Ligand SMILES: Nc1ncnc2c1ncn2[C@@H]1O[C@H](COP(=O)(O)OP(=O)(O)OP(=O)(O)O)[C@@H](O)[C@H]1O
Ligand SMILES: [Mg+2]
């Protein structure tokens, strides 16, 4: 058996180069950033790029309802319903109005049957579709379900283990507050961490991206310009004119 890390190219312009080739198969990678930084767009684009190559994928949406995801992503020219019809995409909608709400309502701060239902459904969907690319948006919605840090670490560890064992590449978005040097439990537990910044420079805000960790890989150690445009995300590999 080979111990070599198998890389899945994201297909997002400029991103694979700064990752050291792509996202490793079997890993959970946290995509962290502030509000509007581009987390959902990047993670969805990763799954869409797979669908375009005939690779099945799953979008797990925890905050935004399915209808909203379909509309916002169609702005980038991504017809998610088309991929669903082609059986290349499954959207699991756990947004606040249904499953997560019922977990809270039942007061199951430690998870409980609704959480197990959610994880079982995801597991079954991975197995039945053969999905390789997954996105979970945002992971915070999952972490918030636990009453203490210990329960959260234990359950996240189990959850990441389930995803790793199924040979998926899972991008889990993470909502961050303002501090750049404060790292979260989710980031320590994940195998890889990418952070997107959306900083105020004078009167404008500019986006940039940094690969914080990719265990066992030789990723770039710098911060690179990152843009969202009509076709989605793009990373500019040259940081020459960039002083962050
Ligand atoms: N066609 C476009 N061209 C340029 N920028 C766009 C376009 N569409 C969306 N954006 C930018 O992308 C941002 C939203 O990105 P996205 O939803 O991926 O961020 P997020 O980090 O997931 O935000 P949140 O924390 O609210 O979930 C918008 O605020 C907007 O600035
Ligand atoms: Mg988002």
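The values are calculated or read from the model by the stated rules, or taken from the named source; none is laboratory data. Everything quoted here is computed from the prediction, not taken from an experiment. Neighbour counts run over all protein chains shown; Cβ positions are idealised from the backbone, glycine included.
The table that follows gives values for the structure above.
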read-out	value
Test for residue 142: is it within 16 Å of ligand 2 (Cβ to nearest atom), assigned to a strand (DSSP E or B) and either without any contact (Cβ under 8 Å) to a residue 60 or more places away in the chain or under 18 Å from the mean Cα position of the chain (by Cα) (or both)	no
Check on residue 125, within 19 Å of the chain's Cα centre (by Cα), within 25 Å of residue 52 (Cβ to Cβ), modelled with pLDDT of 90 or more and more than 16 Å from ligand 1 (Cβ to nearest atom)	yes
Single residue of 159, 150 found to be away from ligand 1 (no atom under 16 Å from the Cβ), assigned to a helix (DSSP H, G or I), more than 25 Å from residue 53 (Cβ to Cβ) and in contact (Cβ under 8 Å) with a residue 40 or more places away in the chain	159
When residues of region 171-199 are limited to those that are more than 16 Å from ligand 1 (Cβ to nearest atom) and under 17 Å from residue 10 (Cα atoms), the one surrounded by the fewest Cβ atoms within 10 Å (Cβ to Cβ)	191
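Listed here are the residues, each with its yes/no results for (1) surrounded by fewer than 15 Cβ atoms within 10 Å (Cβ to Cβ); (2) in contact (Cβ under 8 Å) with a residue 24 or more places away in the chain; (3) within 30 Å of residue 204 (Cβ to Cβ).
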| position | (1), (2), (3) |
| --- | --- |
| 5 | no, yes, no |
| 17 | yes, yes, yes |
| 36 | yes, yes, yes |
| 57 | no, yes, no |
| 73 | no, yes, yes |
